[in-house]
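Every read-out reported here was derived from the displayed coordinates using simple, explicitly stated rules and does not represent laboratory data. Nothing here was measured: the structure is a model prediction, and the numbers come from that model. Neighbour counts are summed over all protein chains in view; Cβ atoms, including those assigned to glycine, are modelled from backbone coordinates with ideal geometry.
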Amino acid sequence: MLSPRCYSGYDDYYTSSWPWDRETKPGAYLAYDPKYMHMSIAELAMTASTGAAMLGFLIWSCGIRRRTNFLSKRRPLPMGGIRSALICGILANLLSCIYIGVAVGQDVVKEYFLITSMMQDFFNHISQCLIFYVFYSLIHRFLDGLTDLGRPYAAVRIFHWIFLGVLFAMGITCFAIGVVNTVYYVTEHPLPQVITAAEKLYTANAILLFVASLDVLVWSVLVTVKGGSDRFRSRNAAISLIIGAFFYFALSLMWTFLSIRFDLFYDKYTSPEYLGLLESVLQFVFYVGTYVGIFWCCVKWESLTPQDSAWQAQKGSYPHQQQPYQQPFYPSTGQCPPQHGP
């Protein structure tokens, strides 16, 4: 996830009447020490691996077909949200690879090149919001299966959608102030108040993502524990959801720690040279774990049958128990006469 600290490392070569036409060298700082170059190459490889993993998940999603069964008719799987999140994640990692590749190649570019960083930031924010949409949609499916009278948890659902709207608004705000900060940087008229506001907003967004990921993890555990073996005879889908929620919680926790330490308190702590590589490695692990949990949950959910879930319990009705049929006997004819009254 991009932050204001990512817009650094540029070295100006020429001046121009139009600031965006000025030629710069993004990777100028890499020439000072070979270890920076090696770490940047490794970071580029890990970022490309994350994008390739997301591309693999996108191909996998095309093989998950929503069957017409008793579960799919009620609430379809959020496959559109999953694919959209993956596409945004792939684009964000592709732009990151371009940015790092230009820096490693010691290429001279114009300031227009910073647009790649801004668009990477945009796709990152959209991807996070879509991931939360997927998690909330899956949690609501489980909650539907836990209601005894067929009434969903309306208050929980309303809260989740409002929270998702707040996350989306915060992400767009962070992107907008990042654009403003970059414009002021290029025009060589940086405003301290804008820089400070950008740092605070990025930290607040990271904390908000952490709180939302904690909410997802808690609800994932809750629906699994509350469901029990009497509601979900096959609990693999719920357990897979917990695994995905845990990895995304770990990813949000990492972003929160880095944002608080190196963005909010940038004047007290200096980013180590291995930070970019470490962050890319952890992002690869956490993203893969998140999507494996989500996809395995969807696969197991689609394989459920009416015998695997007490779905009738949510409607307040149970399968009719048919009484064994008995033939009446009347003495005169060898059969029983009918009885009236109690």
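Applied to region 140-146, the Karplus parametrisation 6.51 cos²θ - 1.76 cosθ + 1.60 on θ = phi - 60° returns per-residue 3J(HN,Hα) values of 5, 5, 5, 5, 4, x, 9 Hz, with x for Gly and Pro. Put simply, the amide H of LYS110, placed in the peptide plane, has neighbours under 5 Å in THR24, leaving out anything fewer than 5 places away on its chain. The order of VAL102, VAL218, VAL225, going from fewest to most other C-beta atoms within 10 Å of their C-beta, is VAL225, VAL218, VAL102.
What ranking, highest mean first, results for peptides 84-97, 193-206, 159-172 when packing means the other Cβ atoms within 10 Å averaged over each residue? Provide the component values of the computation, followed by the final result.
On the way: 84-97: 22.1, 193-206: 18.2, 159-172: 15.4.
For the peptides 84-97, 193-206, 159-172, the packing ranking is 84-97, 193-206, 159-172.
Cβ-to-Cβ counts within 10 Å put TYR36, TYR184 in ascending order as TYR184, TYR36, the fewest first. You can think of it this way: the chain between ALA154 and LEU222 has 22.8 nm of extra reach, that is 0.36 nm per residue less the Cα-Cα gap. By the count of other C-beta atoms within 10 Å, a proxy for reagent exposure, LEU241, LEU130 are ordered fewest to most as LEU130, LEU241.
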